[in-house]
Amino acid sequence: MHRPRARPVRRRRAGRRSRRGATPSFPAPGRSMRVWRALRRAAASSSSSSSFPADGKPRRRAWETSLSPLERVRRLLPPEEAAAVARGAAAAALEPPQARPEKEEEEEEVPLVAPRQALVGAAGPRSGPFRAGELALAAVPRKNNWTLKVLCRLAAETVLSSPSGLLPHRDIIGQLPGQVLRTSAGKRLLLRRPSLDEYVLLMPRGATIAYPKDISALLMMMDLHPGDTVLETGSGSGAMSLFLSRAVGPTGRVLSYEIREDHHNLAKKNYRHWRSAWQIGHTDEWPDNVEFILKDISAAAADLKSVTLDAVVLDMLDPQCALPVVHPSLKQGGVCAVYLANITQVIDLLDRIRSCKLPFLCERIIEVTHRSWSVLPAKLKHNKSSHMVGTQENIEEPPQNEYEEIHIQDEAVLKESEYNESLSAAAETNHSVPYIARPSHWQEAHSAFLTKLRKFGPLLS
(Lines give C-alpha, C1' and ligand atoms only; values in the text may rest on other atoms or scores of the structure.)
Protein backbone atom coordinates (compact mmCIF):
# COMPACT_ATOMS: atom_id res chain seq x y z
CA MET A 1 0.00 0.00 0.00
CA HIS A 2 2.93 2.33 0.56
CA ARG A 3 4.56 2.07 -2.91
CA PRO A 4 1.51 3.00 -5.11
CA ARG A 5 0.96 6.17 -3.03
CA ALA A 6 4.56 7.42 -3.36
CA ARG A 7 4.69 7.43 -7.17
CA PRO A 8 2.04 10.17 -7.79
CA VAL A 9 3.71 12.41 -5.20
CA ARG A 10 7.08 12.25 -6.98
CA ARG A 11 5.47 13.01 -10.35
CA ARG A 12 3.64 15.99 -8.89
CA ARG A 13 6.85 17.40 -7.39
CA ALA A 14 8.77 16.93 -10.64
CA GLY A 15 6.10 18.78 -12.57
CA ARG A 16 6.14 21.61 -10.06
CA ARG A 17 9.92 21.96 -10.37
CA SER A 18 9.69 22.02 -14.16
CA ARG A 19 7.14 24.80 -14.07
CA ARG A 20 9.45 26.81 -11.79
CA GLY A 21 12.26 26.63 -14.36
CA ALA A 22 14.41 23.73 -13.06
CA THR A 23 15.15 20.89 -15.49
CA PRO A 24 13.56 17.62 -14.28
CA SER A 25 15.46 14.36 -14.67
CA PHE A 26 13.55 11.39 -16.12
CA PRO A 27 14.94 7.92 -16.55
CA ALA A 28 13.95 7.33 -20.21
CA PRO A 29 15.12 9.83 -22.90
CA GLY A 30 12.13 9.32 -25.19
CA ARG A 31 9.65 9.65 -22.38
CA SER A 32 11.39 12.76 -21.00
CA MET A 33 11.12 14.50 -24.38
CA ARG A 34 7.42 13.77 -24.67
CA VAL A 35 6.76 14.95 -21.13
CA TRP A 36 8.80 18.12 -21.76
CA ARG A 37 6.80 18.96 -24.91
CA ALA A 38 3.55 18.35 -23.07
CA LEU A 39 4.60 20.68 -20.27
CA ARG A 40 5.52 23.43 -22.79
CA ARG A 41 2.13 23.13 -24.51
CA ALA A 42 0.38 23.27 -21.16
CA ALA A 43 2.34 26.36 -20.11
CA ALA A 44 1.60 28.09 -23.41
CA SER A 45 -2.12 27.35 -23.18
CA SER A 46 -2.30 28.48 -19.55
CA SER A 47 -0.44 31.74 -20.17
CA SER A 48 -2.35 32.65 -23.34
CA SER A 49 -5.35 33.67 -21.32
CA SER A 50 -3.27 36.01 -19.14
CA SER A 51 -1.15 37.56 -21.92
CA PHE A 52 -3.47 40.55 -22.18
CA PRO A 53 -3.93 42.27 -18.80
CA ALA A 54 -6.45 44.96 -17.93
CA ASP A 55 -4.58 47.72 -19.79
CA GLY A 56 -4.88 45.80 -23.07
CA LYS A 57 -1.10 45.55 -23.72
CA PRO A 58 0.46 42.10 -24.06
CA ARG A 59 2.97 41.10 -21.46
CA ARG A 60 6.52 40.36 -22.60
CA ARG A 61 7.93 37.10 -21.26
CA ALA A 62 11.48 36.71 -20.03
CA TRP A 63 12.68 35.19 -23.33
CA GLU A 64 10.97 37.97 -25.29
CA THR A 65 12.73 40.93 -23.55
CA SER A 66 16.17 40.31 -25.10
CA LEU A 67 17.11 42.90 -27.74
CA SER A 68 18.89 42.28 -30.98
CA PRO A 69 22.20 44.11 -31.65
CA LEU A 70 20.40 46.45 -34.06
CA GLU A 71 17.82 47.37 -31.40
CA ARG A 72 20.56 48.05 -28.82
CA VAL A 73 22.37 50.39 -31.22
CA ARG A 74 19.07 52.04 -32.19
CA ARG A 75 18.36 52.92 -28.54
CA LEU A 76 21.74 54.70 -28.26
CA LEU A 77 21.17 56.88 -31.34
CA PRO A 78 19.23 60.18 -31.42
CA PRO A 79 15.57 59.89 -32.43
CA GLU A 80 16.17 61.11 -36.02
CA GLU A 81 18.99 58.66 -36.68
CA ALA A 82 17.11 55.82 -34.98
CA ALA A 83 14.12 56.44 -37.25
CA ALA A 84 16.40 56.42 -40.30
CA VAL A 85 17.94 53.10 -39.22
CA ALA A 86 14.47 51.62 -38.65
CA ARG A 87 13.32 52.71 -42.11
CA GLY A 88 16.44 51.19 -43.66
CA ALA A 89 15.88 47.89 -41.85
CA ALA A 90 12.22 47.78 -42.94
CA ALA A 91 13.17 48.52 -46.56
CA ALA A 92 15.81 45.78 -46.49
CA ALA A 93 13.22 43.28 -45.19
CA LEU A 94 10.83 44.07 -48.08
CA GLU A 95 13.45 43.64 -50.81
CA PRO A 96 13.51 40.47 -52.91
CA PRO A 97 16.17 37.90 -51.92
CA GLN A 98 18.20 38.32 -55.13
CA ALA A 99 18.65 42.07 -54.52
CA ARG A 100 19.70 41.83 -50.86
CA PRO A 101 23.39 40.79 -51.22
CA GLU A 102 24.27 43.91 -53.21
CA LYS A 103 22.40 46.12 -50.76
CA GLU A 104 24.18 44.53 -47.80
CA GLU A 105 27.54 45.19 -49.42
CA GLU A 106 26.64 48.85 -49.81
CA GLU A 107 25.45 49.11 -46.21
CA GLU A 108 28.69 47.63 -44.89
CA GLU A 109 30.59 50.62 -46.24
CA VAL A 110 28.32 53.16 -44.49
CA PRO A 111 28.27 52.86 -40.65
CA LEU A 112 25.25 53.59 -38.50
CA VAL A 113 26.70 56.96 -37.42
CA ALA A 114 27.25 58.20 -40.97
CA PRO A 115 25.03 61.31 -40.55
CA ARG A 116 27.03 62.47 -37.52
CA GLN A 117 30.37 61.86 -39.27
CA ALA A 118 29.11 63.78 -42.28
CA LEU A 119 28.40 66.78 -40.07
CA VAL A 120 31.91 66.63 -38.60
CA GLY A 121 33.50 66.30 -42.01
CA ALA A 122 31.64 69.33 -43.33
CA ALA A 123 33.83 71.59 -41.14
CA GLY A 124 36.78 71.15 -43.52
CA PRO A 125 38.77 67.95 -42.94
CA ARG A 126 42.43 67.74 -43.84
CA SER A 127 43.41 66.05 -47.06
CA GLY A 128 45.50 62.89 -47.02
CA PRO A 129 49.10 63.00 -48.28
CA PHE A 130 51.61 65.81 -48.27
CA ARG A 131 51.70 68.09 -51.30
CA ALA A 132 54.31 70.39 -52.72
CA GLY A 133 54.07 73.90 -51.30
CA GLU A 134 52.64 73.09 -47.87
CA LEU A 135 54.40 73.05 -44.51
CA ALA A 136 55.82 69.89 -42.92
CA LEU A 137 57.18 69.43 -39.43
CA ALA A 138 59.93 66.86 -38.82
CA ALA A 139 60.43 65.58 -35.27
CA VAL A 140 64.09 64.57 -34.82
CA PRO A 141 64.90 62.44 -31.72
CA ARG A 142 67.94 63.65 -29.78
CA LYS A 143 69.91 62.48 -26.78
CA ASN A 144 68.49 62.63 -23.25
CA ASN A 145 64.94 62.27 -24.64
CA TRP A 146 65.01 65.64 -26.40
CA THR A 147 63.10 66.19 -29.62
CA LEU A 148 64.23 68.70 -32.23
CA LYS A 149 61.49 70.11 -34.50
CA VAL A 150 62.38 71.26 -38.01
CA LEU A 151 59.84 73.25 -40.07
CA CYS A 152 60.13 73.23 -43.85
CA ARG A 153 58.10 74.10 -46.95
CA LEU A 154 57.95 71.13 -49.31
CA ALA A 155 59.43 71.42 -52.80
CA ALA A 156 60.39 68.60 -55.15
CA GLU A 157 63.97 69.81 -55.69
CA THR A 158 64.76 70.65 -52.02
CA VAL A 159 66.40 68.50 -49.36
CA LEU A 160 65.54 68.52 -45.65
CA SER A 161 68.72 68.98 -43.63
CA SER A 162 68.72 67.91 -39.98
CA PRO A 163 71.31 66.74 -37.41
CA SER A 164 70.15 63.17 -38.13
CA GLY A 165 70.94 63.36 -41.85
CA LEU A 166 69.43 64.45 -45.14
CA LEU A 167 65.99 63.61 -46.50
CA PRO A 168 64.83 64.73 -49.98
CA HIS A 169 61.45 66.45 -50.09
CA ARG A 170 60.38 64.18 -52.95
CA ASP A 171 60.43 61.30 -50.45
CA ILE A 172 58.04 63.25 -48.19
CA ILE A 173 55.61 64.42 -50.89
CA GLY A 174 52.89 61.82 -51.31
CA GLN A 175 53.32 60.36 -47.81
CA LEU A 176 50.61 60.54 -45.16
CA PRO A 177 51.18 62.69 -42.05
CA GLY A 178 52.45 60.65 -39.13
CA GLN A 179 54.76 58.59 -41.34
CA VAL A 180 58.24 57.67 -40.05
CA LEU A 181 60.96 58.02 -42.70
CA ARG A 182 64.70 57.33 -42.62
CA THR A 183 67.36 59.87 -43.47
CA SER A 184 70.58 59.31 -45.40
CA ALA A 185 72.30 58.46 -42.09
CA GLY A 186 69.71 55.80 -41.25
CA LYS A 187 68.00 57.87 -38.53
CA ARG A 188 64.22 58.02 -38.19
CA LEU A 189 62.12 61.16 -38.62
CA LEU A 190 58.43 61.61 -37.82
CA LEU A 191 56.73 63.83 -40.43
CA ARG A 192 53.44 65.60 -39.78
CA ARG A 193 51.62 68.86 -40.40
CA PRO A 194 52.41 71.65 -37.91
CA SER A 195 49.75 73.13 -35.68
CA LEU A 196 49.30 76.88 -35.40
CA ASP A 197 51.18 77.17 -32.11
CA GLU A 198 54.10 75.16 -33.53
CA TYR A 199 54.22 77.35 -36.61
CA VAL A 200 54.23 80.48 -34.44
CA LEU A 201 57.17 79.20 -32.39
CA LEU A 202 59.21 78.12 -35.43
CA MET A 203 58.42 80.85 -37.98
CA PRO A 204 60.91 83.69 -38.70
CA ARG A 205 60.64 86.46 -36.16
CA GLY A 206 61.93 89.98 -35.75
CA ALA A 207 60.33 91.12 -32.52
CA THR A 208 59.70 88.84 -29.57
CA ILE A 209 56.45 86.99 -30.16
CA ALA A 210 53.55 86.57 -27.79
CA TYR A 211 53.78 82.93 -26.76
CA PRO A 212 50.82 80.61 -27.41
CA LYS A 213 50.22 80.02 -23.69
CA ASP A 214 49.70 83.77 -23.23
CA ILE A 215 47.70 84.20 -26.44
CA SER A 216 45.20 81.56 -25.34
CA ALA A 217 44.66 83.43 -22.05
CA LEU A 218 44.23 86.72 -23.90
CA LEU A 219 41.62 85.17 -26.21
CA MET A 220 39.69 83.93 -23.19
CA MET A 221 39.84 87.40 -21.65
CA MET A 222 38.41 89.07 -24.74
CA ASP A 223 35.78 86.34 -25.27
CA LEU A 224 35.89 86.65 -29.06
CA HIS A 225 33.18 85.29 -31.33
CA PRO A 226 33.01 84.79 -35.11
CA GLY A 227 32.15 88.10 -36.73
CA ASP A 228 33.79 90.36 -34.13
CA THR A 229 36.01 93.33 -34.99
CA VAL A 230 39.30 93.43 -33.05
CA LEU A 231 42.05 96.04 -32.94
CA GLU A 232 45.66 94.95 -32.40
CA THR A 233 48.48 97.39 -31.74
CA GLY A 234 51.94 95.97 -32.37
CA SER A 235 51.90 93.42 -35.20
CA GLY A 236 55.38 92.18 -34.30
CA SER A 237 56.02 88.92 -36.15
CA GLY A 238 52.32 88.16 -36.73
CA ALA A 239 51.72 85.56 -34.01
CA MET A 240 48.80 87.35 -32.38
CA SER A 241 47.34 88.26 -35.77
CA LEU A 242 47.10 84.59 -36.78
CA PHE A 243 45.26 83.57 -33.63
CA LEU A 244 42.92 86.55 -33.84
CA SER A 245 42.19 85.72 -37.48
CA ARG A 246 41.08 82.22 -36.56
CA ALA A 247 39.03 83.44 -33.57
CA VAL A 248 36.88 85.99 -35.45
CA GLY A 249 36.39 83.76 -38.51
CA PRO A 250 35.67 84.69 -42.13
CA THR A 251 32.96 87.20 -41.16
CA GLY A 252 35.18 88.98 -38.63
CA ARG A 253 37.84 91.65 -39.02
CA VAL A 254 41.26 92.27 -37.47
CA LEU A 255 42.98 95.69 -37.63
CA SER A 256 46.71 95.33 -36.89
CA TYR A 257 48.73 98.54 -36.42
CA GLU A 258 52.55 98.56 -36.47
CA ILE A 259 54.93 101.51 -36.34
CA ARG A 260 58.08 99.71 -37.58
CA GLU A 261 58.28 98.85 -41.27
CA ASP A 262 60.46 95.74 -40.86
CA HIS A 263 58.05 94.24 -38.32
CA HIS A 264 55.12 95.20 -40.53
CA ASN A 265 56.58 93.40 -43.57
CA LEU A 266 57.57 90.30 -41.57
CA ALA A 267 54.10 89.97 -40.03
CA LYS A 268 52.48 90.16 -43.46
CA LYS A 269 54.92 87.57 -44.82
CA ASN A 270 54.33 85.05 -42.02
CA TYR A 271 50.57 85.47 -42.31
CA ARG A 272 50.68 85.01 -46.10
CA HIS A 273 52.87 81.86 -45.85
CA TRP A 274 50.52 80.23 -43.35
CA ARG A 275 47.44 80.96 -45.47
CA SER A 276 49.00 79.59 -48.66
CA ALA A 277 50.16 76.39 -46.95
CA TRP A 278 46.74 75.97 -45.33
CA GLN A 279 44.93 76.17 -48.66
CA ILE A 280 47.17 73.42 -50.11
CA GLY A 281 46.92 71.01 -47.21
CA HIS A 282 43.24 71.55 -46.32
CA THR A 283 39.94 71.51 -48.11
CA ASP A 284 38.74 74.78 -46.59
CA GLU A 285 40.35 78.23 -46.92
CA TRP A 286 41.97 80.23 -44.16
CA PRO A 287 40.10 83.56 -43.82
CA ASP A 288 41.73 86.65 -45.28
CA ASN A 289 40.46 88.97 -42.57
CA VAL A 290 43.59 90.74 -41.25
CA GLU A 291 44.39 94.28 -42.37
CA PHE A 292 48.01 95.20 -41.61
CA ILE A 293 48.43 98.98 -41.25
CA LEU A 294 51.82 100.69 -41.06
CA LYS A 295 50.96 103.60 -38.79
CA ASP A 296 51.35 104.86 -35.25
CA ILE A 297 48.23 104.10 -33.24
CA SER A 298 48.40 107.48 -31.49
CA ALA A 299 47.80 109.16 -34.88
CA ALA A 300 44.93 106.88 -35.94
CA ALA A 301 42.09 108.56 -34.05
CA ALA A 302 40.47 109.81 -37.26
CA ASP A 303 40.62 106.31 -38.83
CA LEU A 304 38.82 104.71 -35.89
CA LYS A 305 35.88 107.11 -35.68
CA SER A 306 33.76 105.04 -38.06
CA VAL A 307 34.75 101.67 -36.54
CA THR A 308 33.04 99.90 -33.65
CA LEU A 309 35.46 97.58 -31.85
CA ASP A 310 34.36 94.51 -29.94
CA ALA A 311 37.77 94.06 -28.27
CA VAL A 312 41.26 95.58 -28.22
CA VAL A 313 44.62 93.91 -27.55
CA LEU A 314 47.67 96.10 -26.86
CA ASP A 315 51.17 94.65 -27.27
CA MET A 316 53.45 97.70 -27.11
CA LEU A 317 55.90 99.43 -24.78
CA ASP A 318 53.57 102.28 -23.75
CA PRO A 319 49.96 101.03 -23.98
CA GLN A 320 48.75 103.98 -21.91
CA CYS A 321 49.39 106.20 -24.94
CA ALA A 322 46.94 104.18 -27.03
CA LEU A 323 44.07 104.05 -24.52
CA PRO A 324 42.78 107.62 -25.14
CA VAL A 325 42.68 106.83 -28.88
CA VAL A 326 41.00 103.44 -28.84
CA HIS A 327 38.49 103.83 -26.00
CA PRO A 328 35.94 105.96 -27.97
CA SER A 329 35.64 103.19 -30.60
CA LEU A 330 35.48 100.33 -28.10
CA LYS A 331 31.93 99.32 -27.33
CA GLN A 332 30.64 99.71 -23.80
CA GLY A 333 31.43 96.59 -21.81
CA GLY A 334 34.20 95.62 -24.25
CA VAL A 335 37.54 94.24 -23.07
CA CYS A 336 40.99 95.74 -23.63
CA ALA A 337 43.69 93.08 -23.03
CA VAL A 338 47.23 94.36 -22.46
CA TYR A 339 50.42 92.30 -22.87
CA LEU A 340 53.28 93.70 -20.73
CA ALA A 341 56.66 92.22 -19.84
CA ASN A 342 57.37 94.02 -16.54
CA ILE A 343 55.24 94.72 -13.50
CA THR A 344 56.40 98.33 -13.51
CA GLN A 345 54.69 98.77 -16.88
CA VAL A 346 51.47 97.49 -15.34
CA ILE A 347 51.78 100.09 -12.55
CA ASP A 348 52.35 102.89 -15.06
CA LEU A 349 49.31 101.77 -17.05
CA LEU A 350 46.99 101.75 -14.05
CA ASP A 351 48.33 105.09 -12.84
CA ARG A 352 47.64 106.64 -16.26
CA ILE A 353 44.07 105.32 -16.21
CA ARG A 354 43.52 106.82 -12.73
CA SER A 355 45.11 110.19 -13.48
CA CYS A 356 43.36 110.66 -16.85
CA LYS A 357 40.06 109.29 -15.48
CA LEU A 358 39.66 106.88 -18.40
CA PRO A 359 36.52 104.70 -18.33
CA PHE A 360 38.37 101.41 -17.73
CA LEU A 361 38.08 98.99 -14.84
CA CYS A 362 40.99 96.63 -14.12
CA GLU A 363 39.53 93.18 -13.58
CA ARG A 364 42.54 90.85 -13.63
CA ILE A 365 46.35 90.86 -13.70
CA ILE A 366 47.79 87.38 -14.26
CA GLU A 367 50.81 85.54 -15.59
CA VAL A 368 50.63 82.13 -17.23
CA THR A 369 53.15 79.43 -16.31
CA HIS A 370 53.33 75.82 -17.44
CA ARG A 371 55.19 73.04 -15.63
CA SER A 372 56.36 70.25 -17.90
CA TRP A 373 57.04 66.72 -16.64
CA SER A 374 59.19 63.87 -17.90
CA VAL A 375 57.84 60.35 -17.44
CA LEU A 376 60.37 57.93 -18.93
CA PRO A 377 61.54 54.32 -18.48
CA ALA A 378 64.54 53.96 -16.23
CA LYS A 379 67.85 53.60 -18.06
CA LEU A 380 70.38 50.85 -17.49
CA LYS A 381 74.05 51.11 -18.19
CA HIS A 382 75.17 51.82 -21.76
CA ASN A 383 71.91 53.79 -22.29
CA LYS A 384 69.78 50.64 -22.55
CA SER A 385 66.18 50.90 -21.47
CA SER A 386 64.93 48.64 -18.70
CA HIS A 387 61.93 47.62 -20.79
CA MET A 388 64.35 45.17 -22.45
CA VAL A 389 63.64 43.02 -19.37
CA GLY A 390 60.20 41.76 -20.43
CA THR A 391 57.39 40.16 -18.50
CA GLN A 392 57.09 36.47 -17.80
CA GLU A 393 54.17 36.14 -20.18
CA ASN A 394 55.98 37.16 -23.38
CA ILE A 395 59.61 36.02 -22.95
CA GLU A 396 61.44 33.27 -21.15
CA GLU A 397 63.06 33.98 -17.82
CA PRO A 398 66.79 34.72 -18.25
CA PRO A 399 69.38 32.74 -16.34
CA GLN A 400 69.82 33.75 -12.74
CA ASN A 401 73.39 35.00 -13.09
CA GLU A 402 72.55 37.10 -16.17
CA TYR A 403 69.62 38.82 -14.47
CA GLU A 404 71.68 39.48 -11.35
CA GLU A 405 74.28 41.23 -13.52
CA ILE A 406 71.60 43.42 -15.12
CA HIS A 407 70.19 44.26 -11.70
CA ILE A 408 73.64 45.21 -10.39
CA GLN A 409 74.17 47.53 -13.35
CA ASP A 410 70.78 49.09 -12.75
CA GLU A 411 71.59 49.76 -9.08
CA ALA A 412 74.98 51.23 -10.03
CA VAL A 413 73.27 53.83 -12.22
CA LEU A 414 70.24 54.60 -10.05
CA LYS A 415 71.61 54.13 -6.53
CA GLU A 416 71.39 57.87 -5.78
CA SER A 417 67.60 57.75 -5.68
CA GLU A 418 65.71 55.60 -3.18
CA TYR A 419 62.67 55.80 -5.40
CA ASN A 420 64.57 54.33 -8.32
CA GLU A 421 65.98 51.58 -6.11
CA SER A 422 62.47 50.61 -5.05
CA LEU A 423 61.43 50.50 -8.69
CA SER A 424 64.39 48.27 -9.48
CA ALA A 425 63.41 45.93 -6.65
CA ALA A 426 59.86 45.79 -7.99
CA ALA A 427 61.19 45.06 -11.44
CA GLU A 428 63.23 42.17 -10.04
CA THR A 429 60.21 40.49 -8.49
CA ASN A 430 57.52 41.29 -11.07
CA HIS A 431 59.63 41.73 -14.24
CA SER A 432 57.84 45.07 -14.83
CA VAL A 433 59.17 48.27 -16.39
CA PRO A 434 60.39 50.87 -13.84
CA TYR A 435 59.57 54.46 -14.72
CA ILE A 436 61.02 57.76 -13.54
CA ALA A 437 58.68 60.77 -13.17
CA ARG A 438 60.21 64.19 -12.51
CA PRO A 439 59.80 67.81 -13.66
CA SER A 440 61.60 68.60 -16.89
CA HIS A 441 64.92 70.41 -16.74
CA TRP A 442 63.63 73.04 -19.18
CA GLN A 443 60.60 74.91 -17.87
CA GLU A 444 58.54 77.69 -19.44
CA ALA A 445 59.03 80.49 -16.94
CA HIS A 446 57.56 83.98 -16.83
CA SER A 447 56.96 85.60 -20.21
CA ALA A 448 54.48 88.46 -19.63
CA PHE A 449 51.86 90.02 -17.39
CA LEU A 450 48.34 89.97 -18.83
CA THR A 451 46.02 92.77 -17.75
CA LYS A 452 42.30 92.73 -18.41
CA LEU A 453 40.58 96.14 -18.66
CA ARG A 454 36.84 96.55 -19.21
CA LYS A 455 35.17 99.71 -20.47
CA PHE A 456 32.25 100.94 -18.38
CA GLY A 457 29.64 103.60 -18.92
CA PRO A 458 28.97 106.75 -16.86
CA LEU A 459 26.82 106.65 -13.77
CA LEU A 460 23.10 107.01 -14.33
CA SER A 461 21.51 110.10 -12.76
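The values are calculated or read from the model by the stated rules, or taken from the named source; none is laboratory data. On a predicted model such as this, the values are computed, not experimentally measured, just so you know. For neighbour counting, all protein chains shown are included, and Cβ atoms are generated from backbone atoms with ideal geometry for every residue, glycine included.
Numerical summary
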read-out: Meets criteria (within 22 Å of A448 (Cα to Cα), at pLDDT 65 or above and not charged (D, E, K, R)) for C356; value: no
read-out: Boolean, G174 is under 23 Å from G128 (Cβ atoms), out of contact with any helix residue (DSSP H, G or I) (no Cβ under 9 Å at 6 or more places or on another chain) and in contact (Cβ under 8 Å) with a residue 12 or more places away in the chain; value: yes
read-out: Residue ID - surrounded by the most Cβ atoms within 10 Å (Cβ to Cβ), chosen from residues in region 302-315 that are of a type in the set (A, V, I, L, M, F, W, C) and touching a residue at least 60 places away in the same chain (Cβ under 8 Å); value: V313
read-out: Whichever residue in region 170-229 is under 30 Å from G334 (Cβ atoms) and among the charged types (D, E, K, R) and, among such residues, is surrounded by the fewest Cβ atoms within 10 Å (Cβ to Cβ); value: D223
read-out: Test: residue in region 335-358 that is under 19 Å from P458 (Cα atoms), assigned by TED's automatic domain parsing to the domain that holds R275, in a loop (DSSP other than H, G, I, E, B) and over 40 Å from the mean Cα position of the chain (by Cα); value: yes
read-out: Residues (of a type in the set (G, A, S) and crowded, with 21+ Cβ neighbours inside 10 Å) located in region 335-349; value: A337
read-out: Residue match in region 269-287 (condition: among the acidic types (D, E), assigned by TED's automatic domain parsing to the domain that holds R364, loosely packed, with under 15 Cβ neighbours inside 10 Å and in contact with a helix residue (DSSP H, G or I) (Cβ under 9 Å, 6 or more places away or on another chain)); value: yes
read-out: Pick from region 117-147, criterion among the β-branched types (V, I, T) and in a strand (DSSP E or B), ranking: modelled with the lowest pLDDT; value: T147
read-out: From the options M222, M316, residue that is in contact with a strand residue (DSSP E or B) (Cβ under 7 Å, 6 or more places away or on another chain) and at pLDDT below 95; value: M316
read-out: Given (1) outside any helix (DSSP H, G or I); (2) farther than 21 Å from V254 by Cα, number of the condition R170 does not satisfy; value: (1)
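Conditions tested, residue by residue: (1) over 20 Å from A210 (Cβ atoms); (2) under 25 Å from the mean Cα position of the chain (by Cα); (3) at pLDDT below 95.
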residue	(1), (2), (3)
L244	no, yes, no
Y257	no, no, no
N265	no, no, no
K269	no, no, no
W274	no, yes, no
A277	yes, yes, yes
D284	yes, yes, yes
I293	no, no, no
D303	yes, no, yes
